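Student: Below you will find the structure I want to go over with you.
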Amino acid sequence: MNLNKTTQLNLIKVIKDQNEFKAEESLYVSSNNTILNNNTSMEELFNRNKHEDNFLYLEITNMPAFGFL
């Protein structure tokens, strides 16, 4: 996998494809208490947000996309 060309949006698509999410749910990805830009490459996300142990820790949250139901 080429991390320079893979974006966070690609990661979200893989997660959604492999899990059951409702159509009205959105996924939000954050690292270091900051919501990340969907169009940023995974390589750039890693370089900016990697932990001192050289791992990238992401928090993935799902929420209703059209308000709270």
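Student: Give me the distance in nm between label points sitting 7 Å out from Cα along the Cα-to-Cβ direction at Glu59 and Leu9, one decimal.
Tutor: According to this spin-label approximation, the distance is 2.5 nm.
Student: Counting only protein heavy atoms, what percent of the accessible surface of the chain is carbon or sulfur at a 1.4 Å probe?
Tutor: Reported share for carbon and sulfur atoms: 50 percent.
Student: If you don't mind, there's one more thing I want to ask. Helix 8-18: angle to the longest alpha-carbon principal axis of the chain, degrees 0 to 90, nearest 10?
Tutor: Tilt relative to the chain: about 50 degrees.
Student: Which residues make up the longest stretch of the chain clear of trypsin sites (Lys or Arg not before Pro) that lie in a DSSP loop with no more than 11 other Cβ atoms within 10 Å, not counting the sites?
Tutor: Here the longest run is 23-69.
Student: Under 25 Å Cα-Cα from Lys22, which lysines qualify once same-chain neighbours fewer than 8 residues away are excluded?
Tutor: Lys13
Student: At 1.4 Å probe size, what's the solvent-accessible area of Tyr28? Round to the nearest 10 Å².
Tutor: Spelled out: Tyr28, probe radius 1.4 Å, area about 90 Å².
Student: Can you pull the accessible area of Phe55 for me, 1.4 Å probe, Å² to the nearest 10?
Tutor: 120
Student: Solvent-accessible area per residue for the chain at a 1.4 Å probe radius, Å²?
Tutor: 79
Student: Given a Förster distance of 25 angstrom, what is the FRET efficiency for Asp17 paired with Asn49, based on the Cβ-Cβ distance and rounded to 0.05?
Tutor: 0.60
The values are calculated or read from the model by the stated rules, or taken from the named source; none is laboratory data. No experiment lies behind these values; they were computed from the predicted model shown. Here the Cβ is made from the backbone with ideal geometry for all residues, glycine too, and neighbour counts use every protein chain on show. Accessible surface is based on the protein model in full, side chains and every heavy atom, while ligands, DNA and RNA are left aside. Shrake-Rupley method; radii C 1.70, N 1.55, O 1.52, S 1.80 Å.
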